[in-house]
Amino acid sequence: MRNGGAVRRRSLLAATSAALVLTVSAGLGLTGCGSQRMAALHANCTTKGLRWKLTVLKKPAHSKHRDARLTIVNKTSRPCVFGGYPFFEVHVGKGPLADGKGRGSVPPPIDLRAGGTVTTGLRYKDSEPGNPTGECMVSNVEATVAAPHDREQWSIPARDESGRRALLNVCDTAIWMSPPKEAAE
């Protein structure tokens, strides 16, 4: 009888262990590697660990605004947390500048997998139609960027949709940024 109790306890222990393994596996499947819960396990993305691309989009006719897209790729072999709006600034030397301002509340952190991509839409007041240089405060062919919560800043070139150098004519002090979102594979 004593031996039968030990067998039942081992069976109960085995069944409990199997249930726990299934529960944990199902939980990981639901949260996934790109979830906010998993983001707590990874370090913040760094500016140097990311590949940056700034694309100035074609300006709609008769518009005072221009759109651009900031594409950010995790070039490291590990996931990292992209937590908030990136730093974005266009300036002329130490003179006038226009900086990126996020639209809405701070976005939730993105657990950016190795090789994963995040995009942020940009919108700024451009020169008036028919007056290409206008009275813009800031004109430059590059912008300064940084990952959220990182002090290191890099300069990146502005390119048009064909990949040629593009001029950023910013006629205001603000460049509005949409919340960063992870690009689909």
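The values are calculated or read from the model by the stated rules, or taken from the named source; none is laboratory data. These figures come from a predicted structure and were not determined experimentally. Every residue, glycine as well, gets a Cβ built from its backbone with ideal geometry; the counts of neighbours run over all protein chains shown. Note: areas computed on protein heavy atoms with side chains; ligands, DNA, RNA excluded. Shrake-Rupley method; radii C 1.70, N 1.55, O 1.52, S 1.80 Å.
Numbers below:
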read-out	value
Peptides ranked, highest mean first, by Cβ atoms within 10 Å: ranges 83-91, 104-112	83-91, 104-112
Relative contact order [Cα under 8 Å, 6+ residues apart], segment 43-182, whole percent	34 percent
For segment 68-185: accessible area per residue (Å², 1.4 Å)	52 Å²
Integer Hz, Karplus 6.51/-1.76/1.60 couplings in order for segment 47-60, x for Gly and Pro	4, 6, x, 10, 9, 10, 9, 10, 10, 8, 7, 4, 7, x
Global form of segment 40-185, assessed from the alpha-carbon gyration tensor, a/c cut-off 1.5	prolate
Carbon/sulfur fraction of accessible area - segment 68-132, other protein chains in place, 1.4 Å, %	55 percent
Highest average packing first - 73-80, 157-164, 173-180, Cβ atoms within 10 Å	173-180, 73-80, 157-164
Potential extension, LYS181-ARG151 segment - 0.36 nm per residue separation minus Cα distance	8.6 nm
Estimated FRET transfer efficiency when R0 is 22 angstrom, pair THR173-THR46 (beta carbons, to 0.05)	0.20
